[in-house]
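J.: Once you've had a glance at the structure underneath, I'll fire off some questions.
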Amino acid sequence: MEKEMKRIALGILAHVDAGKTTLSEGLLFSAGEIRKLGRVDLGDAFLDINEIERKRGITIFSKQAIIGLENTLITLLDTPGHVDFSAEAERTLAVLDYAVLVISGTDGIQSHTKTLWELLEKHNIPLFVFINKMDLTGADKERVIKELGAEFGENFIDFTENSEKICESLALCDESLMEEALLGEISEKTVAEAIKRRSVFPCFSGSALKMQGVDFFLKALERLSLPAKAMEAFGAKVFKIGQDDRGIRLTYMKITGGSLRVRNLIRTGEDIEEKVNEIRIYSGEKYQPAEEVYPGCVCAVAGLKQTATGQGLGFEGNASPLTAEPIFNYRVILPSDVSPSVALEKFKELEQEETQLMVTWNSQMKEIHLRVMGVIQLEILKQLVKNRFDMDVAFEEGRILYKETIENVVEGVGHFEPLRHYAEVHLLLSPLPRGTGMQFEVDCPENVLDKNWQRLILTHLMEKQHIGVLTGSPITDVKITLKSGAAHLKHTEGGDFRQATYRAVRQGLMKAKSLLLEPYYDFVIDIPADNVGKVMTDLNLMGAEFSVFRTSVEMSKIKGTAPAEVIRNYQKQITAYTHGVGQITCRFGGYGNCQNTDEVVETIGYSAEEDTENTPDSVFCSHGAGFHVKWNEVSDYMHLESILKPKKVEEKAKTVRASSVSADDEELLRIFERTYGKVETKLPDRAMHTPKEAKPYKPRKSSGKKYDKSYLLIDGYNMIFAWDSLKKIASYSLEDARRELIERLSVYKVFKDYEIILVFDAYKVKGNRGEEEREKGLTIVYTKEAQTADAYIEKTAKELTKNYQVTVATSDALEQLIIFGSGAFRMPARHLEEDVISVEKGVRKMVELYNLKTDNSGFLRVLEEKLKQIKLKNNEDE
């Protein structure tokens, strides 16, 4: 392959039946890559290479085709459009340079279109829009573009207009485009750069079936696309695992840096290197072998056995978790002559290839269970198993896949000490906001437990899907922190900590207040206006939350969210009483509280204490023999002190400095003393009452020690949901609430001596790295994906208090308790809000005094002139 060519990985995405595969055929035909236009309905489309796809007329598996142009080599990736296969499409997004979003000119934006837009936005992928089926009656390009602007924001520009109108529209999209427009002409390079950074979304239109507008669109793709920047070192992203007709395992990847040659060794695991036996460049069913591939190339590699979908190779990190997840569970009914162990091996092989399939083994019942996205996927899977393994399987009627979480902070203890074995683990289990998933951290001193053992415990925590105690469903939205542990110099082995870790998790879950969660669907119902009342009654009975919109005289639209269990089959009812006119589209909206917990728990009939493979009990040793201790008695036998009741109270108490902020501190101090022991430092008398009027908040002076700088650390989201004004904004836009908080704190900082550090919980996760930036005089921190704002603030406060006066603003009671022990002051959210409001009132008075209405520069000069007076006044008050 030529190294110098511009290489583009281009994905085609669409709602089902928008004409995505037909457009792919048109692009290939226009470029001269195929001699005859295939059709989906005739089963001869170039990219529908699977027999099942040809029969059903839908795209199920992502495929690629090569389009060779004069100076550009495009790898075209056709992705599934059906919602049941959205996980396959999402994994493909990780390797795209650009995407084409195909929208039907008659149907406009559909529910799955919105899902695709969110995924493209999440992965920051530049976008071209092709409005298809413009040859059909009712197709309306202008209406679709307006819909796009209303639903997803501005900057969707019709590139089929005359150049003068395009130039005018582009000038409003971006500052650089405006500057060139004022000079008379916008260059193609500037437009291409604007598209690359998602400042412009070019829209094209036509009929892929009749080849109208396709050639024009292809030429525009070549002119307006830019290659991705490549690293010198080798890197690649794995997006698919498959096998060829001969059973050879193939790893599909995109090269992002360096190059890859046949016979190269690739590190595919911590201590695993594998040799590349063959490199293939696929186009439809056929492929060309390659000796070496370069950045931008999408290829299939033979010889790698340990790779997985979503894995990063070389310098690339692993992909983030999928947005969509399987929510239905089915038991596999095997033929009488097939062994469950043999069938399990076959299904596990499919699991590696099928992104949206999860295979589990119920060892107690000796059953294979599948977790899938929906019924269509299940039907496809049945055909796939028959074709691949010649097994006629059936599936028991599926049920919803529930999850569990906890509502309170608990300690989990696991002890494993049969004769000549020893390990004890203490974990802290804490609830997380809904939709966060599982998080694992280590907060254990190395002088308590060696670092190697800590790493081993963390590995055991992450290697297993932990299940809850209500129904045996997977747990989610829980942070598990290793706080303490013990090993024996002679008798401890690695397996001992696996046993102790698993038992600690289970013991903590048994002690915690558990909560059952069920999947929810976001739905859109298009219904005749006469049937709205009937639908609203049904939705209320389902426990749905929804809003009704009148879209025309005859039709209405209902948008909302409801439990997946009750709404998944609602289409049948809508079809019946609207005579086929009404439609419902659903997409996965996350997990929420189960509405009928008692009924579900009773139906499933799970018993945590009888689940011997996930026991919460521990094993201790006495007189040379091991004996079992029930989970609720472990605290009476454990060898280490509880992590919630540390022994060395006196040492911790010495570091406490009580801050004089409000009457709440006295109660907080009592909590602290009950946990850590008596604190000798007295609270000043003025901490025992709350001022009647809001006054600027003043932290207590340190005892004679002078500081060059004072820091104020603020938990951003804690403030947003604690301040009524910001909470109201956040109800419709969390981003707007965040911007409002930054604006208000930037003014507040002018009047205070604080260096303000504003911390947000993983708000801008890109490549799983944290981010820090300066804006309007503030330091703004976005934590890493696996790091909470609490953890960042605690660590930072601990470091800064060595040399500076530190105040932490939060209303998190547990975090306040920790702040007491770290030597920092604490400021409740409501006091910071009062102080900010007080400053803003002062600013308004100054504005009135100096009659500054619009002159911002004058306002700033006055602030500078008055700043010394304000600081002097503050010092006198103190």
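The values are calculated or read from the model by the stated rules, or taken from the named source; none is laboratory data. Everything quoted here is computed from the prediction, not taken from an experiment. Glycine gets a Cβ as well: all are built from the backbone with ideal geometry, and neighbour counts include every protein chain shown. Just so you know, the surface numbers come from the protein's heavy atoms only, side chains and all, with ligands and any DNA or RNA stripped out. Shrake-Rupley method; radii C 1.70, N 1.55, O 1.52, S 1.80 Å.
J.: Residue by residue through region 1-13, note down the ones that are touching a Cys at 6+ places or on another chain (Cβ under 8 Å) and at pLDDT 85 or above.
T.: Arg7 - this is the single residue of region 1-13 that is touching a Cys at 6+ places or on another chain (Cβ under 8 Å) and at pLDDT 85 or above.
J.: In addition: Can you confirm whether Leu304 is in a loop (DSSP other than H, G, I, E, B) and farther than 25 Å from Ile380 by Cβ?
T.: yes
J.: Further, regarding this structure: Residues in region 352-366: is at least one among the polar types (S, T, N, Q), at pLDDT 85 or above, more than 30 Å from Ala486 (Cβ to Cβ) and part of a loop (DSSP other than H, G, I, E, B)?
T.: no
J.: Restricting attention to helices (runs of 4 or more DSSP H) lying wholly within region 14-128, give those where 2 or more residues are buried (at least 24 other Cβ atoms within 10 Å of the Cβ) and modelled with pLDDT of 90 or more.
T.: Because the criterion is at least 2 residues that are buried (at least 24 other Cβ atoms within 10 Å of the Cβ) and modelled with pLDDT of 90 or more, the helices (runs of 4 or more DSSP H) in region 14-128 that meet it are 20-30.
J.: Can you name the condition, by its number, that Ser811 falls short on among (1) modelled with pLDDT under 70; (2) open to solvent by 40 Å² or more (accessible area, probe 1.4 Å); (3) under 34 Å from the mean Cα position of the chain (by Cα)?
T.: (1)
J.: Collect the residues in region 229-260 that are farther than 19 Å from Gly317 by Cβ and in a loop (DSSP other than H, G, I, E, B), keeping them in residue-number order.
T.: Asp244, Asp245, Arg246, Gly247, Ile248, Ser259
J.: Select from region 422-453 the residues that are under 27 Å from the mean Cα position of the chain (by Cα) and not aliphatic (A, V, I, L, M) and list them in ascending order.
T.: Ser430, Pro431, Pro433, Arg434, Gly435, Thr436, Gly437, Gln439, Phe440, Glu441, Asp443 - these are the residues of region 422-453 that are under 27 Å from the mean Cα position of the chain (by Cα) and not aliphatic (A, V, I, L, M).
J.: Need the failing condition index for Gln787 against (1) at pLDDT below 65; (2) open to solvent by 20 Å² or more (accessible area, probe 1.4 Å), just the number.
T.: (1)
Let's see how each residue does on (1) within 32 Å of the chain's Cα centre (by Cα); (2) within 12 Å of Arg249 (Cα to Cα):
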position: Lys275; (1), (2): no, no
position: Ile281; (1), (2): yes, no
position: Glu291; (1), (2): no, no
position: Pro295; (1), (2): yes, no
position: Ala302; (1), (2): yes, yes
position: Lys305; (1), (2): yes, yes
position: Thr309; (1), (2): yes, no
position: Asn318; (1), (2): yes, no
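J.: With the requirement that a residue be part of a loop (DSSP other than H, G, I, E, B) and open to solvent by 50 Å² or more (accessible area, probe 1.4 Å), what does region 568-595 give you?
T.: Hits for region 568-595 are Arg568, Asn569, His579, Val581, Gln595.
J.: Going through region 261-273 one residue at a time, which ones are assigned to a strand (DSSP E or B) and either at pLDDT 95 or above or open to solvent by 90 Å² or more (accessible area, probe 1.4 Å) (or both)?
T.: Filtering region 261-273 down to residues assigned to a strand (DSSP E or B) leaves 261, 265-269, 272-273.
Passing the criteria: Arg261, Leu265, Arg267, Glu273.
J.: Return a yes/no flag: does region 381-390 have any residue that is out of contact with any strand residue (DSSP E or B) (no Cβ under 6 Å at 6 or more places or on another chain), assigned to a loop (DSSP other than H, G, I, E, B), free of Cβ contacts under 8 Å to residues at least 24 places away in the same chain and acidic (Asp, Glu). Explain how you work it out, then say what you get.
T.: So the first thing to find is which residues in region 381-390 are out of contact with any strand residue (DSSP E or B) (no Cβ under 6 Å at 6 or more places or on another chain), and the list is 381-390.
Remaining after also requiring assigned to a loop (DSSP other than H, G, I, E, B): 390.
With the extra rule that they be free of Cβ contacts under 8 Å to residues at least 24 places away in the same chain, the set shrinks to 390.
Right, trim to acidic (Asp, Glu) and you get 390.
For region 381-390, residues out of contact with any strand residue (DSSP E or B) (no Cβ under 6 Å at 6 or more places or on another chain), assigned to a loop (DSSP other than H, G, I, E, B), free of Cβ contacts under 8 Å to residues at least 24 places away in the same chain and acidic (Asp, Glu): present.
Yes/no per residue for (1) open to solvent by 70 Å² or more (accessible area, probe 1.4 Å); (2) small (Gly, Ala, Ser); (3) touching a residue at least 60 places away in the same chain (Cβ under 8 Å):
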site	(1), (2), (3)
Lys196	no, no, yes
Cys203	no, no, yes
Gly213	no, yes, yes
Leu218	no, no, yes
Arg223	yes, no, no
Ala228	no, yes, yes
Lys237	no, no, yes
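J.: Further question on the same structure: Out of everything in region 436-451 that is among the charged types (D, E, K, R) and assigned to a loop (DSSP other than H, G, I, E, B), what residue ends up being nearest to Asp761 (Cα to Cα)?
T.: Asp443
J.: Would you confirm, using the coordinates I've provided, whether Glu518 is under 18 Å from Ile475 (Cβ atoms) and among the acidic types (Asp, Glu)? Walk me through how you get there before you give the answer.
T.: Numbers: under 18 Å from Ile475 (Cβ atoms): yes; among the acidic types (Asp, Glu): yes.
For Glu518, the condition - under 18 Å from Ile475 (Cβ atoms) and among the acidic types (Asp, Glu) - is met.
J.: Another question, if that's okay. Only one residue in Pro418, Pro433 is in a loop (DSSP other than H, G, I, E, B), modelled with pLDDT under 95, in contact with a strand residue (DSSP E or B) (Cβ under 6 Å, 6 or more places away or on another chain) and not small (Gly, Ala, Ser), so which one is that?
T.: Pro418
J.: Something else: Can you tell which of Val448, Val425 is of a type in the set (Val, Ile, Thr) and in contact (Cβ under 8 Å) with a residue 40 or more places away in the chain?
T.: Unique residue meeting the criteria: Val425.
J.: Of everything in region 302-319, what is over 20 Å from Leu93 (Cβ atoms) and open to solvent by less than 30 Å² (accessible area, probe 1.4 Å)? Give them in sequence order.
T.: Ala302, Gly303, Leu304
J.: Tally up the residues in region 391-404 that are in contact with a Lys or Arg (Cβ under 8 Å, 6 or more places away or on another chain) and outside any loop (DSSP other than H, G, I, E, B), please.
T.: 2
J.: Hey, which of the strands (runs of 3 or more DSSP E) in region 452-567, taking only ones fully inside, have at least 3 residues that are open to solvent by 10 Å² or more (accessible area, probe 1.4 Å) and touching a residue at least 24 places away in the same chain (Cβ under 8 Å)?
T.: The qualifying strands (runs of 3 or more DSSP E) are 478-487, 514-528, 555-563.
J.: Counting only residues that are over 21 Å from Lys114 (Cα atoms) and out of contact with any Ser or Thr (no Cβ under 6 Å at 6 or more places or on another chain), how many does region 134-159 have?
T.: Qualifying residue count for the region: 2.
J.: Additional query: Is there a residue being closer than 21 Å to Asp526 by Cα and surrounded by 18 or more Cβ atoms within 10 Å (Cβ to Cβ) anywhere in region 164-179?
T.: Checked against the condition, which is being closer than 21 Å to Asp526 by Cα and surrounded by 18 or more Cβ atoms within 10 Å (Cβ to Cβ), region 164-179 yields no hits at all.
J.: Considering (1) under 29 Å from the mean Cα position of the chain (by Cα); (2) among the polar types (S, T, N, Q); (3) assigned to a loop (DSSP other than H, G, I, E, B), say which one Ser336 fails and leave the rest.
T.: Going through (1) under 29 Å from the mean Cα position of the chain (by Cα); (2) among the polar types (S, T, N, Q); (3) assigned to a loop (DSSP other than H, G, I, E, B) one by one, Ser336 breaks only (1).
J.: Can you tell me which residue within region 320-363, out of those that are among the hydroxyl-bearing types (Ser, Thr, Tyr) and touching a residue at least 24 places away in the same chain (Cβ under 8 Å), is most open to solvent (accessible area, probe 1.4 Å)?
T.: The extreme case among them is Thr323.
J.: Still on this structure: Across region 140-159, which residue is surrounded by the most Cβ atoms within 10 Å (Cβ to Cβ) among those that are within 30 Å of the chain's Cα centre (by Cα) and farther than 16 Å from Ser199 by Cβ?
T.: Among residues in region 140-159 that are within 30 Å of the chain's Cα centre (by Cα) and farther than 16 Å from Ser199 by Cβ, the one surrounded by the most Cβ atoms within 10 Å (Cβ to Cβ) is Val144.
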